[in-house]
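Reviewing the structure listed below.
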Amino acid sequence: MTTAEAVQFRQAVLPNGLTIQAEIVPDALTAAAGFFFRTGARDENPEVMGVSHFLEHMMFKGTERRTAEDVNRGFDDLGANHNAFTTTETTAYYAHVPYDALGDALDILADILRPSLRTEDFDEEKGVILEEIAMYDDQPFWVLFEQGLERYFGSHPLAHRVLGTRQTVGDLQRDQMKTYFDRRYSADNGVLVASGRFEFDDLVERAEALCGHWPKGDPGRVHEPNLFEPGEIEVDLADTQQRYLMLLAPSVGIADHRKYALAQAFQALGDSEGSTFFWELVETGLAEEATMHLQTHDGCGEAIATIVCAAENAEQVETIARREMARLASTVDEDALLRSRAKIATSAMLASERPMGRMTRLGSRWSHGLDYTTLDEELDRIRAVGLDDIRSALDSWPLDRLLAVRGGG
């Protein structure tokens with residue numbers, strides 16, 4: 001039985017604009033559901049940077065029907081694997097439960113998405129967020145990454161930090177959060193995604209009862225050009241003897257079909273084992289870590305190489321990394337392509353084996369404005385990539401004009 005035969009895709013849209021998408025897996029013993037919203041750090045005004053992530057925390061602090069303890073206890077009683085996450089472009093809330101508990105899990109999820117936002121909870125959680133920012137400030141690569149992306153994106157809203165800064169979070173007011181919530185958490189800016197064993201019509205009926213009163217909105221998203229300027233910056237990383245390096249170049253957005261070719265090329269160049277970086281830098285002892293990956297967004301993307309090495313090797317390591325990036329189109333061969341393709345395809349298949357992975361894939365695709373495709377169709381696109389596709393993609397998006405972000409040592 002193929003994936004397409006075993007899994008049924010269904011979609012509906014409620015009158016208020018909330019989309020419902022599901023992949024039904026009749027033989028599954030569990031079900032996963034989540035609400036994904038097209039909102040994240042890039043959708044914030046600079047003065048409230050971090051409000052998306054802060055609001056994610058506040059969703060679990062209680063509603064008109066439930067206290068924070070009720071929310072946690074409710075999920076625990078269902079045996080739920082539940083959580084939430086915020087990125088630059090998406091905020092999501094989800095639960096994975098035994099299939100017969102999906103309705104009760106949806107009731108909790110829908111309820112927490114209309115939070116009380118009490119001032120006393122806001123003030124208490126602000127301290128938690130500030131502690132989280134301080135914790136990440138002690139991680140050298142995180143500091144390098146954030147400051148590198150700020151330089152890379154400049155005035156573009158993708159430069160915004162997901163956690164915000166101590167200043168923006170410290171100054172944030174509860175009413176500013178409420179204004180952001182009202183604007184971004186409208187029904188037509190979200191999707192309910194689900195996968196596993198359930199009846200789709202029952203799912204829609206329950207969603208209508210739980211979410212049919214959510215208001216419509218017109219949140220939109222600003223799409224600005226990213227005016228990339230190559231160069232270099234030095235980031236102050238305290239108390240570290242290692243040298244950290246990040247090399248960035250512009251690349252494709254998430255809707256660009258060339259992402260399949262570039263992802264496989266970058267896997268061949270900078271996978272954690274068996275890649276060019278591995279043999280040239282890690283296996284030789286010049287670097288402790290050396291990876292390359294494609295990071296895609298709504299409308300743009302970045303090619304990112306990240307390297308950690310001893311300070312005395314830094315210059316040689318960067319020279320080798322730049323050389324291999326610049327000549328990738330001519331060095332990647334059929335053997336490397338086969339290995340990259342197999343790893344990427346295997347990762348996609350492993351994620352699809354559980355309803356949680358399928359649900360997350362649905363939510364991510366919808367959040368980025370991508371049409372539904374089956375897993376088999378996605379695998380076909382991965383397998384269809386040839387060397388000519390890689391060379392053509394790298395010709396359009398070369399890796400020879402770089403922003404070098406260095407720190408430590």
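Where a number appears in this text, it was derived from the coordinates with a stated rule and is not lab data. Here the structure is a predicted model, which means the values were calculated and not measured. Neighbour counts are summed over all protein chains in view; Cβ atoms, including those assigned to glycine, are modelled from backbone coordinates with ideal geometry.
Placing a label point 7 Å from the Cα of Arg391 along the Cα-to-Cβ direction, the residues of the stretch 319-354 whose backbone N falls under 15 Å from that point are 327-335, 337. Once the Cα atoms are used to define both axes, helix 334-352 deviates from the longest principal axis of the chain by about 20 degrees. Using the Cβ-Cβ distance between Gln316 and Arg183 with R0 set to 35 Å, the FRET efficiency from 1/(1 + (r/R0)^6) comes to roughly 0.10.
For Tyr244, neighbours were defined as the other residues whose beta-carbon sits under 12 Å from its Cβ, and their charges (Lys and Arg +1, Asp and Glu -1) total -3. For the chain, the longest principal axis of the C-alpha atoms and the axis of helix 140-153 are separated by about 90°. In sequence order, the stretch 206-219 has phi-based couplings of 5, 4, 4, 5, 8, 10, x, 8, 4, x, 7, x, 9, x Hz under the Karplus curve 6.51 cos²θ - 1.76 cosθ + 1.60, θ = phi - 60°, and Gly or Pro positions carry x. Where only DSSP H runs of four or more residues are counted, the chain gives -13000 deg cm²/dmol as its mean residue ellipticity at 222 nm, each run worth -39500 (n - 2.57).
State the extension gain, in nm to one decimal, for the chain segment bounded by Arg166 and Asp76, taking 0.36 nm per residue of separation less the distance between their alpha-carbons.
So the chain would gain 29.1 nm between Arg166 and Asp76.
Among the GluC sites (Glu not before Pro) within the stretch 6-103, those in coil by DSSP and having at most 11 neighbouring Cβ atoms inside 10 Å are Glu64.
Give a quick list of GluC sites (Glu not before Pro) in the stretch 288-363 that DSSP marks as loop, anything other than H, G, I, E or B, with at most 16 other Cβ atoms within 10 Å. Listed in order of number, the matching sites are Glu353. Taking the centroid of alpha carbons for each part, the stretch 175-253 and the stretch 72-124 are 17 Å apart. Return one number: the angle in degrees, 0 to 90 and rounded to the nearest 10, between the long axis of the Cα atoms of helix 68-77 and the longest principal axis of the Cα atoms of the chain. Roughly 90 degrees, rounded to the nearest 10. Between rounded, prolate and oblate, where does the chain land on the alpha carbon gyration tensor, with a ≥ b ≥ c its root eigenvalues, rounded for a/c under 1.5, else prolate if a/b exceeds b/c? Oblate.
On a full-extension model of 0.36 nm per residue, what is the gain between Ser272 and Asp333, subtracting their alpha-carbon distance, rounded to one decimal in nm?
Taking Ser272 through Asp333 to full extension adds about 20.1 nm, to one decimal.
For the stretch 98-112, the residues whose amide N sits under 12 Å from a probe point set 7 Å from the Cα of Leu29 along the beta carbon direction are 98-99.
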